[in-house]
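Everything below concerns the one structure shown next.
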Number of protein chains: 2
Amino acid sequence: MIIDPWGSELVADYQRIIKEFGLEEFKADLFPEPNTIMRRGVVFAGRDLGIISKCIKEKKKFYALSGIMPSGDKIHFGNKMVVENLKYFQEHGAKTYILVADLEAAATRGVTLEEARKRALEFHIPAYIALGLDPKKTIFYFQSENKDVMHLGYEFAKKITLNEFKAIYGSADPSRIMSALTQAGDILYPQLEERMPGIIPVGIDQDPHMRLTRDIVSRVKSKGFFAPSSIYHKYTPSLDGGLKMSKSKPMSAIDLPEDPQIACKKLTRALTGGRATLEEQKKLGAETEKCMVFEMYKQHLMENDKELQKRFDDSKKGRILCGECKQDASARMKEFLEKFSKEMEKARKNIDKLKFIEFK
Amino acid sequence: MIIDPWGSELVADYQRIIKEFGLEEFKADLFPEPNTIMRRGVVFAGRDLGIISKCIKEKKKFYALSGIMPSGDKIHFGNKMVVENLKYFQEHGAKTYILVADLEAAATRGVTLEEARKRALEFHIPAYIALGLDPKKTIFYFQSENKDVMHLGYEFAKKITLNEFKAIYGSADPSRIMSALTQAGDILYPQLEERMPGIIPVGIDQDPHMRLTRDIVSRVKSKGFFAPSSIYHKYTPSLDGGLKMSKSKPMSAIDLPEDPQIACKKLTRALTGGRATLEEQKKLGAETEKCMVFEMYKQHLMENDKELQKRFDDSKKGRILCGECKQDASARMKEFLEKFSKEMEKARKNIDKLKFIEFK
């Protein structure tokens, strides 16, 4: 099985993924004070998590890094989970990096470097801050300004053959090759100053980049890089029950930002675990484990574990019905989206206070 | 037929090359005051030479560009011909660029960027100046410092498929792809400031880079780049009669620099057009067109056309025999190598006066 980080073919069976790609299954007790998605199994796997756990517990240096693709004017719930994990590591001692992949956006999304830069500053970075990233503790850089990253990409190019690239990515065209090698450069860049473990929170579709980078590290042993660790969260499923929210089904996907009214409308149309009739549901309870609204509670809308458990139980036992439950979800979604927009505005006003690496 | 610019498979039949790659045959009357290798058919082909001719005659802006690969501590007679052509265009109005391919050297030749930089400054650039490049009229830059070139490479990556790359280069591995796309960036870089025709003097083995760059230009039409022109010189043949001097046959190749005594020894062992016996040679004359020593006169050791013609005639008619002729060649080679070393020393002392582009 090959996962294509640029494609739309998706993978559903998380257990199978763990096995096939040799991932570690994620156990919430690995890290102190796990965050919501860690506790609830939404974070489901990783690579080399032990060393990160050790860094946290022994207060040793490590870094967390994520990239922003500054095209478009929407992000999605997958980004929210990345930020939640970043925030977790940031709060637990990680030197935190956000790179703006303006070079990649310019190369693959048809925006100019200037547009990409503008979008990052006006939307993507404020959005990440609105989702919980601490701007004071985050180091930002623009990929296009970072010669060291480009040099690393160049250097790494000779460490990988075309066939190996194809084996990892399923295909290989020049643009993907350059982009992937640059990403490997980004992932290892924080180690240029000082070798240290690092963790990259990603969706499972980004795992090929992790494998490439880890392969490269093993081939430049003399450089002494730590192989980057990674941590994977599940997709936020499509509201119609599909594996992943997708732009191709706009009624089943909620973007960030989204007009709260439209978002609520989408939620009320979501696939639930409801039975054919009210009578039946009161009697049998819902099939909550199949309910997309419950999934939204679990991943995004209900912070408190006890409250979530109660909702599950109430739903299973028919004590709460879909109408009421959806109304609650809509109210929470509205509140979340409004807060998101407000926080984003605030972050936008302070954008000139961010710490960008200045390259000479 | 595919020519591999990284390989050692060589091509002998220049007429066939012209036909197969759709080159223009070079005619010495195209340019005013053609240089020695142009007049003598050592320069044998080009692409889009008409526009360069027009620029020269109408005093319009154009550029000439070449790259230095700063690995090793030797260059060869092929580099000498590149410099002769560069010098020609420089003297005829071209804005002249020399890029130091330190990034490529670091990626493919196992030197660090620092070493590559040092070697360029201590050897390769002084050698180019010793061969006739006017340092005052030349703009230099280090590839590794030139973000614009890297950005262009990135942008161009999406304009070419893997199969197209393979069709041009015969093979495609990630390192070659990055290197070739960066070269395309270098070739077009002078046009970022202002669109204008440009000419790249190269050996025929570098033609794939020209085709790639020209293909890319035709695919980014909206950018308005001029397709780069190119001009090709023949190889300096191996002294044993092979197509090209090669490191694998050190006794048949003269490097720059080379100990004059050793160079002369190599020359005296060269394959000539001499006959089996002195008697025969005096009677029949030599087969001068097969003589490697004469080829060295033609390409490198005898500036004056009349003198060259006389030597050819004398040789053909048996009026000069191989011993005397080789002695003359050796004396000229010695003089050339000594002058080269002296000029290089001089250039080295003035290295801090060069105009390097300073990137912010």
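Please treat every number below as a calculation from the coordinates, not as lab data. If you're wondering where the values come from, they're calculated on a predicted model, not measured in any experiment. Quick reminder, even Gly has a Cβ in these numbers, built from the backbone with ideal geometry, and neighbours come from all protein chains shown.
Report Rg/Rh for region A:152-245, rounded to two decimals, where Rg is the Cα radius of gyration and Rh the Kirkwood radius. Mind showing how you got there, number by number?
Values: Rg = 14.7 Å, Rh = 14.2 Å.
Reported Rg/Rh (Cα atoms, Kirkwood Rh): 1.03.
Three principal axis extents, largest first, for the C-alpha atoms of region B:176-221, in Å?
28, 21, 16
Taking every residue in B:99-109, how many Cβ atoms of other protein chains lie within 10 Å of its Cβ, on average? Could you put the intermediate results ahead of the total?
On the way: counts 0, 0, 0, 1, 5, 1, 0, 4, 8, 4, 0.
If you average over the peptide's residues, the count of other-chain Cβ atoms is 2.
Extent of region A:250-344 along each principal axis, from alpha carbon coordinates, in Å, largest to smallest?
44, 28, 17
Using a label point 7 angstrom from Cα along Cα-to-C-beta, what distances in nm, from shortest up, separate B:GLN15 from the other copies?
Shortest to longest, the spacings are 7.4 nm.
Averaged over peptide B:144-153, how many Cβ atoms belonging to another chain are found within 10 Å of each residue's Cβ? List each step's numbers first, then the result.
On the way: counts 5, 2, 1, 8, 1, 1, 10, 7, 0, 5.
Whole-number average of other-chain Cβ neighbours for B:144-153 is 4.
Using the Cα atoms of the protein assembly as shown, I'd like the radius of gyration and the largest Cα-Cα distance, Dmax, both in angstrom.
Rg, Dmax (Cα atoms, Å): 32.8, 121.
Take every residue in peptide B:155-163, count the Cβ atoms of other chains within 10 Å of its Cβ, and give the average of those counts. Let's see the in-between values first.
Details: counts 8, 4, 9, 11, 3, 3, 3, 10, 1.
What the average comes to for B:155-163 is 6.
Can you bin region B:220-269 into rounded, prolate or oblate? Criterion: square roots of the alpha carbon gyration tensor eigenvalues sorted a ≥ b ≥ c, rounded for a/c under 1.5, prolate for a/b above b/c, oblate for the rest.
Numbers: a/c = 4.45, a/b = 3.19, b/c = 1.39.
Taking the square roots of the gyration eigenvalues as a ≥ b ≥ c, region B:220-269 is prolate.
Plugging the Kirkwood radius over Cα pairs into Stokes-Einstein for chain B, at a temperature of 4 °C and a viscosity of 1.567 mPa s, what D comes out in µm²/s?
Working: Rh = 21.4 Å.
Once the numbers are plugged in, D ends up at 61 µm²/s.
Using a label point 7 angstrom from Cα along Cα-to-C-beta, what distances in nm, from shortest up, separate A:ASP328 from the other copies?
Once sorted, the set of distances for A:ASP328 reads 10.4 nm.
Please list, in order along region B:114-128, the HN-Hα scalar couplings obtained from phi with the Karplus expression 6.51 cos²θ - 1.76 cosθ + 1.60 (θ = phi - 60°), rounded to whole Hz, x for Gly and Pro.
Using θ = phi - 60°, the values come out as 5, 4, 4, 4, 4, 4, 4, 6, 8, 10, 5, 5, x, 5, 5 Hz.
When averaged across all projection directions, what area in nm² does the alpha-carbon convex hull of region B:96-200 cover?
Working: hull surface 30.4 nm².
If you wrap the Cα atoms of region B:96-200 in a convex hull and average its projections, you get 7.6 nm².
Taking the label point 7 Å from Cα in the Cβ direction, how far apart in nm is B:GLY50 from each other copy of itself, listed shortest first?
Computed spacing set for this position: 7.1 nm.
Would you please put A:49-58, B:264-273 in order of how densely packed they are, using the mean number of other Cβ atoms within 10 angstrom per residue and starting with the highest?
Values: A:49-58: 17.0, B:264-273: 19.0.
By packing density, highest mean first, the sequence is B:264-273, A:49-58.
Quick check on chain B: helices-only [θ] at 222 nm, where DSSP H runs of length 4 and up contribute -39,500 (n - 2.57) each and the sum goes over total residues. Nearest 500, please.
Helix contribution divided over all residues of chain B: -13500 deg cm²/dmol.
Tell me whether region B:16-58 comes out rounded, prolate or oblate; compute the Cα gyration tensor, take square roots of the eigenvalues as a ≥ b ≥ c, and use a/c under 1.5 as the rounded threshold.
Numbers: a/c = 3.63, a/b = 1.34, b/c = 2.70.
Oblate, since a/c reaches 1.5 and b/c is not below a/b.
Please state the shape class of region A:62-129: rounded when a/c is under 1.5, otherwise prolate if a/b exceeds b/c and oblate if not, all from the C-alpha gyration tensor.
Numbers: a/c = 2.48, a/b = 1.89, b/c = 1.32.
Judged from the Cα gyration tensor, region A:62-129 comes out prolate (a/c at least 1.5, a/b above b/c).
So which of B:LYS249/B:LYS334; A:LYS61/A:LYS87; A:LYS80/A:LYS147; A:LYS87/A:LYS353 end up more than 24 Å apart by C-alpha?
Working: B:LYS249/B:LYS334 21 Å; A:LYS61/A:LYS87 16 Å; A:LYS80/A:LYS147 29 Å; A:LYS87/A:LYS353 19 Å.
From the list (B:LYS249/B:LYS334; A:LYS61/A:LYS87; A:LYS80/A:LYS147; A:LYS87/A:LYS353), the Cα-Cα distance tops 24 Å for A:LYS80/A:LYS147.
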